[in-house]
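Participant: This structure is in structure tokens; I'll ask about it shortly.
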Amino acid sequence: MAQRPGGGEGRPGGGGGGEWGGRQRPSQQQGPGIPGTLESTAPKGNGKILGVVVDSTTKSPVEFAAVALVDVKTNSPIDGTTTDEKGKFSLTKVAEGEFKVLVSFIGYNSKEIANVKVERRSDIELGTIQLGSNVVQLNEVQVVGMAQLVEEKVDRLVFNAEKDISSRGGDATDVMRKVPMLTVDLDGNVSLRGSQNVRVLINNKPSTIIATSVAEALKQIPADLIKSVEVITSPSARYDAEGTAGIINIITKRSKIQGGTLNVMSGFGNRGSNMGLRGNYRSGKLGMSLGGFGRWNYNIPAVSDNIQTSKSEDRIVRQTMEGKDKMLFGSINFGADYDLDENSYLAAGVRYGARNFWNTQGMNTANIFNGVTTNNFRNVKTDDLSGTWDVNVDYFKSLRKPSEELSLMALFSRNNRTNDYEASVYSGITSDLTYLGLDFNKNRSHNQESTLQADYQTSFGKNQLLEVGGKGIFRQVFSDIRYGGLNERTPDQLDYDQNVGAGYLSYTFSTKDKWSFKAGARYEYTTINARQEEVGDLNLSSYGNLVPSLNISKTFGKKQAQTIKASYNRRLQRPGIQFLNPNVNSSNPQNISIGNPNLEPELTDQVEVGTGFFKNSLYINVTGFARFTNNSIESIRSIEDGVITTTYGNIGAKRNYGMNLYGSITLFKMWEVSGGVDGYYATLANNSSDATIAANNSGFVFSGRLRTGLNFKNGWGLQGGGFMRGKEVQLQGTQMGFRMYDLGIKKDFKNKRGSIGLGMENFFAPRFNMKTVMETPTFTQINNNFRYNRGFRLNFSYRLGKMEVVEQQKKRRGKSISNDDQKSGSAGAAEGGGR
């Protein structure tokens, strides 16, 4: 541990010249103009000099400011001390005489107090000493800070989320809505350039809850914990081949300093409340962290209606649904790391996350067939409960060369899920009902993964890097399905074992004229052993995939103000459990969904060309891309007796051509504005020879975002913004556009240990309609889903404890396991069903 101010024995500011006792002061604590080593040379006396040092703008204490006592005759410092955590200092046992006091700290202009006359046994109160910020230094910090708002790297774009205040009290979904190139719908499903086939990692690690649903996983991560979001549009060979659109890596805040802190966060609102706790402790070589977060969503009406028309018969089905949603999300995690020596460390962590969803709904159905209307009513209760364990152990070692590194990692992850519904069924209309009986479905499932990974890299000269590694993923999926009541079916069960072996090689080369080339290839071999209780062995074939990648970039200017990039990569997407699960979900008997265990992976080729430009506080990024997907997993919908059944097949072909434009600027050193426009042209078709499910569609899809933030004096801040997406083109229809907006205001406490703020979302309208129109050769369906998302919340956070800056630690790559090999998303719920 670095030496603490005060010689490591007394607390800062508590000793003065006498207590320094001639000890050498740590040079890293000295401000400009004060020697790094200072011995008390003043004659002893009985005088005392006291004062308090504060920031002239924020009025907050300046901790560890250097205070020197200077003899006016020799103009040399003869004694000194530093301020404590409250900015206070005292110089004791000062002899009679005339002095001046020099106060200094890095980032501030030095302050001199002249004509300090000390008499025998006198106490000199200097009062509050205000240090003004160093203007030149602040300008440099602002330029760097703005450059880091969006960072350009050879294969990714990094969005720093720490500065956002409007998301406080929210979750990762709220942060994602502000990240360039990403689109988040009202259910929390994330799309990158129009595709939901993305992989979401947390600190480069996956979780089985993400394999179940990205939207559900994001709700378990508090927004206050997120440091940055990496959008990796062209992953190198080191990453798993999964994620046809790309990879999103969420980096959380971590402590790299000594001591201990405990952060308490809470928020209360009309739609939800949250509570969070995060603690960090580091002593010497050992660091530990403990965190917990919970969010309770309530007062959420669930209102929708749909009408479906059969083209092969004279039948129209109309449904109106009204109910309530309640959701509880949370997680708790513990992590530790230990420095084995200066070149190696060991890290381990355990995390448990929960996602619970409850819905109660009244569903009126009018079935009009050949002019005769039949009415029924269902009172449906749905319980969708999920819990996930993640346990990891990582070892890292730096070898002989500066860039020679070895890492070994292991991960165990398991998600347990209960997805049940129970429906009381009646005939007739609401005012005259006849009870028919109970209908229910109970589905218990789990998704378990064990992963081993090894990575090695070494450099050749100063401009070449070679990376090589291997990985094994051993996955077991199990689903137990039981039906009962009016729609009794044969029970079913799925055992699905999937093993993936992978190896990769990646080579990076940089030239003196600032060209960078990164090329690599990854080979993955997948074996599957699957059995369905009702069918028997599925006899699914093993398959291998070679996944190449190439990234090229060129920077211009002395400060690398502009970058151009081009890339090509091939990606694959394996189906996740929600696509494979053969459970027949008939909570809405007019819209039934069932998975398909026989699905194969889909393959995508993607090329992109882009440029990023940075000058002073202005940043602009323009990227064009083309994506080609074959064997795409798409919905297959059929209708019989007015009942729509949805399953999935490898029948799709997609082509997307688009462009992303993003920019940000800081005005008047206090006003930040950022925004962007995304657009692409999509063509979708399936290759089915069955005329009843054949479909194709095409069209433009546009979206845009705008954000602004103001930072005022005394810790006040204001941020707001909005997002809008136009009509979305789907294979069998369209979904109307939507818009979202928010406003946040916060006030930091004077000691900067906490803050209080107010956040608002969609506050002008109580609800809006998400309309989906589906058109197939056999039926038409129009669904209106009314969303009530006007929200207000009060946020509060406070930090207890104290941490000290230590000597800079050896930089680590921080590698970790990332399983990225399954298609996931919102699939599994048929349009217009159940809500």
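Participant: Need one number: the % of Cα-Cα pairs in segment 258-804 sitting beyond the 29 Å mark.
Facilitator: Of the Cα pairs, 69 percent sit more than 29 Å apart.
Participant: Taking amide hydrogens as modeled 1.01 Å from N in the peptide plane, which residues meet the under 5 Å criterion relative to A695, leaving out close sequence neighbours?
Facilitator: Amide H neighbours of A695: N686, S688.
Participant: When the convex hull of the Cα atoms of segment 606-681 is projected onto a plane and the area is averaged over all directions, what value comes out in nm²?
Facilitator: 8.3 nm²
Participant: Which pairs, out of K73/K111; K669/K750; K93/K285; K178/K750; K285/K397; K86/K713, put more than 27 Å between their alpha-carbon atoms?
Facilitator: Listed pairs above 27 Å: K93/K285; K178/K750.
Participant: Okay, moving on. Under 5 Å between amide H atoms, partner at least 5 residues away or on a different chain: which partners does E85 have, H built in plane at 1.01 Å?
Facilitator: none
Participant: Same structure again: Specify the inter-centroid distance of segment 554-593 and segment 623-681, based on alpha-carbon positions, in whole Å.
Facilitator: 9 Å
Participant: Another question about this same structure. With just the Cα atoms defining each centre, how far is segment 717-796 from segment 406-446? Give it in Å.
Facilitator: What the calculation gives is 27 Å, centre to centre.
Participant: Follow-up. How many angstrom lie between the Cα centre of segment 498-539 and the Cα centre of segment 304-344?
Facilitator: 28 Å
Rule-based calculations on the coordinates, nothing more; no lab input. Because the structure is a prediction, the values reported are computed rather than measured.
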